[in-house]
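Enquirer: Below is the structure I would like to discuss, written out as structure tokens.
The values are calculated or read from the model by the stated rules, or taken from the named source; none is laboratory data. Just so it is clear, the model here is predicted, and its values are computed rather than measured. Here the Cβ is made from the backbone with ideal geometry for all residues, glycine too, and neighbour counts use every protein chain on show.
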Amino acid sequence: MTSLPISTGPRWAKLPRRHMPVLATLALLLVMYGIGVSQYRAFSNIQVVFNVFIDNGFLLVIAVGMTFVILTGGIDLSVGSVAAMTAMVSAWLLQSGLPALPVLVIALLIGPTLGFLMGCAIHFFDIQPFIVTLAGMFFARGMCTFISNASIPITDGFWTTMSQYRIGDPRGNFVSISVLVAFAVVLVAAYVLAYTRLGRNVYAIGGNPQSALLMGLPLGRTRIAVYTISGLCAAIGGILLSFYTLSGAPLIAIGMELDVIAAVVIGGTVLTGGSGYIFGTVLGVLVLGVIQTLITFDGSLNSWWTKIVIGGLLFAFILLQRLIGIRYK
Amino acid sequence: MSDAGHRFRTLLGHRLFWPVAVLVVMLAANTVYRPGFLAVEINNGHLYGTPIDILRLSAPLILVALGMTLVISTGGIDLSVGSTCAISGAIACLYISRAPDQNNLGTVLTALAMALGVALVLGAWNGVLVSVIGIQPIIATLILMVAGRGLAQLIAEGQIITINSGPYRAIGLGHLLTLPLAIFIALAAALLVAAFTRRTALGMIVESVGGNREASRLAGIRSGRVVFLVYVVSAACAAIAGFMMTANVSSADGNNTGLWVELDAILAVVIGGTSLAGGRFYLSGTIVGALIIQTLTTTVYAMNISPQTALLFKAVVVIAVCLIQAPAFRARFRRRRPGTPPPPQSSPQRQKEQVPA
């Protein structure tokens, strides 16, 4: 961008290029929803959209945390296991008779603590995020079965209320409390990324860590912070998961980290860091949710088509990002 | 005296010292816990015993990790190996299960060739994505990791394909010269890779591409081709590992064959001293790393701990080995010279870009 931008294209081409991936995801989402509505009559029911949110609330929260990590150019493989561990610990503590509030506090502390430790290992000892968070994933998953080999049901009053309370018309269109929690997390995260110093630091470090360091930005503090945030989001996701399933199961959410990474990438966040939006991540999660809904509605397609379609979409979006990147140069 | 001290320090500094030390400590702990651990006996002309089991079961991991070592040494990573294992195993088993005579050697060889061919195509796909289109390796292979599981299930139509084929089972459970055949296959692959990389210039070329792809290209190396090649080799290794895994149980399960083997393989490579940033690789270290992981798994099984809880131990070992090998950690604990902060740490990619080309 050394020369002045020469405006030759039509007006629509002047959209900022960094918005392109997000807009492409939005277009895809609308197209998929359109296909659903045109093919299946019941699809146009607004409850279908609400159900996508209800079924993917925890995924949304975890993906928000992952967006922070990926924006700095890192990766967090531990989120699925940390969510499972949070659900497991809360189920276990509730079973042993602790009241709901302390359980909630303890469960919400586990994720950030683990994230903080992983961030420290990554920053101070310069070990690859991939390896550190892989170890974190093993640790959290191991803790799950260490607590119990079988799934623990939750019968606590607070949990069942949270799980079963329906906002809106219980017989018509409704959302669960989890959806509201997920929206709150999304709004807070979007605010932090866009309007606070931490958010700016995250983008700067993702863009170029060396430059960020030379500018005097707190590289270490920010890096540790994003892994802590990711841990916190995983913990909140785990709590929502336990609301959703009303149990703590040692094998739940296996492979969820891949879904989450796929959602973030489909949402237009670049894996090398520095570019992406929370809004894109929301769209990415919705795309995954709508794919699942479409496949459920179809009925004749088998579950493995979900994986193949997600893989194909990943490919298409990365190709798109790549093409935009080439044009940008 | 000083000579001995010097020699000790050289030994301590050897890159294989810590991995081997960890392996020896684990074996020793096992022997203390269960005195019969290292006993090997001959039964029906075959050797049996826990050490042999560890070797046999680590064969698929060694194979996958060999390919992974090459990929990682170019600065890449291959997450799709587990899915490749599942696909190749599913194709081989599907072909054999449909054949009229499952024990026919020709049928089995055709099945293996077909599955290997498909795996090579998958490897080429990864290679094209990374080297031609220029997608980040972790994402390029993530595509196949996610979609590949689906493809494997599609091939098997969601079923577990069971076969009853003597020659195929031999890949996993057969014996040769009193030892399991799988050990020889892994050994042969290791020697082949070692011969091609260390007896020819290929290894150096791979390392130079990992060190700086652009500079290597300017020096006359076809970097793109080298990168392409390592992904194909990795897929081929994964395919053979997939044959072993499915042959061990005489069935192919699209969901579970080779599940998480990519993570184990990456761990084995890292434990063996190969840096994830690329530019160096140690095949011997990788093999030791794979043996460490399998020994750990076997140990935990022998102690009657559930496989999932075994992950807890794996996490501890991984962190310990990585910390021991991390230069920043060593610098902090070896020479406690105050006021020498570790050198400014920047991501390797950025450093590479700054080399005037």
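Enquirer: Take the conditions at pLDDT 75 or above, within 10 Å of another protein chain (Cβ to nearest Cβ), surrounded by fewer than 20 Cβ atoms within 10 Å (Cβ to Cβ) and touching a Pro at 6+ places or on another chain (Cβ under 7 Å) and apply them to B:Ala328. Does it pass?
Expert: no
Enquirer: Okay, moving on. Do you know which of the residues in region A:138-157 that are more than 7 Å from chain B (Cβ to nearest Cβ), assigned to a helix (DSSP H, G or I) and surrounded by fewer than 24 Cβ atoms within 10 Å (Cβ to Cβ) is farthest from the chain's Cα centre (by Cα)?
Expert: Among them, the one singled out is A:Gly157.
Enquirer: Is it true that A:Val260 is aliphatic (A, V, I, L, M) and farther than 19 Å from A:Gly111 by Cα?
Expert: For A:Val260, the condition - aliphatic (A, V, I, L, M) and farther than 19 Å from A:Gly111 by Cα - is not met.
Enquirer: Somewhere in region B:179-196, is a residue of a type in the set (Val, Ile, Thr) and loosely packed, with under 15 Cβ neighbours inside 10 Å?
Expert: no
Every residue, every condition in (1) assigned to a helix (DSSP H, G or I); (2) farther than 30 Å from B:Glu262 by Cβ, yes or no:
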residue	(1), (2)
A:Leu26	yes, yes
A:Val31	yes, yes
A:Gly34	yes, yes
A:Asn51	yes, yes
A:Leu59	yes, no
A:Gly65	yes, no
A:Asp76	no, no
A:Met85	yes, no
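Enquirer: Let me ask something else about it. Taking into account only those residues within region A:91-105 that are among the small types (Gly, Ala, Ser) and under 26 Å from the mean Cα position of the chain (by Cα), which is surrounded by the most Cβ atoms within 10 Å (Cβ to Cβ)? Give the derivation first.
Expert: Looking only at region A:91-105, we keep the residues that are among the small types (Gly, Ala, Ser), and these are A:91, A:96-97, A:100.
Then keep just the ones that are under 26 Å from the mean Cα position of the chain (by Cα); that gives A:91, A:100.
Working: A:Ala91: 27, A:Ala100: 17.
That would be A:Ala91.
Enquirer: Now, a different point. What are the residues in region B:276-306 that are without any contact (Cβ under 8 Å) to a residue 24 or more places away in the chain, on the phi < 0 side of the Ramachandran plot and not in a helix (DSSP H, G or I), if any?
Expert: Within region B:276-306, B:Ile305, B:Ser306 qualify.
Enquirer: I want to confirm something. Restricting to region A:303-329 and keeping residues that are farther than 18 Å from B:Met145 by Cα and either surrounded by 14 or more Cβ atoms within 10 Å (Cβ to Cβ) or touching a Phe, Trp or Tyr at 6+ places or on another chain (Cβ under 9 Å) (or both), which single residue is nearest to the other protein chains (Cβ to nearest Cβ)?
Expert: So the residue we want is A:Arg322.
Enquirer: I want to confirm something. Restricting to region B:143-178 and keeping residues that are within 26 Å of B:Ile52 (Cα to Cα) and touching a Ser or Thr at 6+ places or on another chain (Cβ under 6 Å), which single residue is nearest to the other protein chains (Cβ to nearest Cβ)?
Expert: Top of the filtered list is B:Ile163.
Enquirer: Moving on to the next point. Are there any helices (runs of 4 or more DSSP H) wholly within region A:174-226 with 3 or more residues that are within 14 Å of chain B (Cβ to nearest Cβ), and if so which?
Expert: A:197-207, A:209-214
Enquirer: A further question follows. Can we say B:Leu267 is within 14 Å of chain A (Cβ to nearest Cβ) and surrounded by 20 or more Cβ atoms within 10 Å (Cβ to Cβ)?
Expert: yes
Enquirer: Can you name the number of the only condition in (1) within 16 Å of A:Ile62 (Cα to Cα); (2) surrounded by fewer than 15 Cβ atoms within 10 Å (Cβ to Cβ) that A:Leu214 fails?
Expert: For A:Leu214, the failing item is (1).
Enquirer: Could you please find all residues in region A:99-132 being facing chain B (nearest Cβ under 8 Å) and assigned to a helix (DSSP H, G or I)?
Expert: First pass over region A:99-132, keeping only residues facing chain B (nearest Cβ under 8 Å): A:121, A:124-128, A:130-132.
A:Ala121, A:Phe124, A:Phe130, A:Ile131, A:Val132 - these are the residues of region A:99-132 that are facing chain B (nearest Cβ under 8 Å) and assigned to a helix (DSSP H, G or I).
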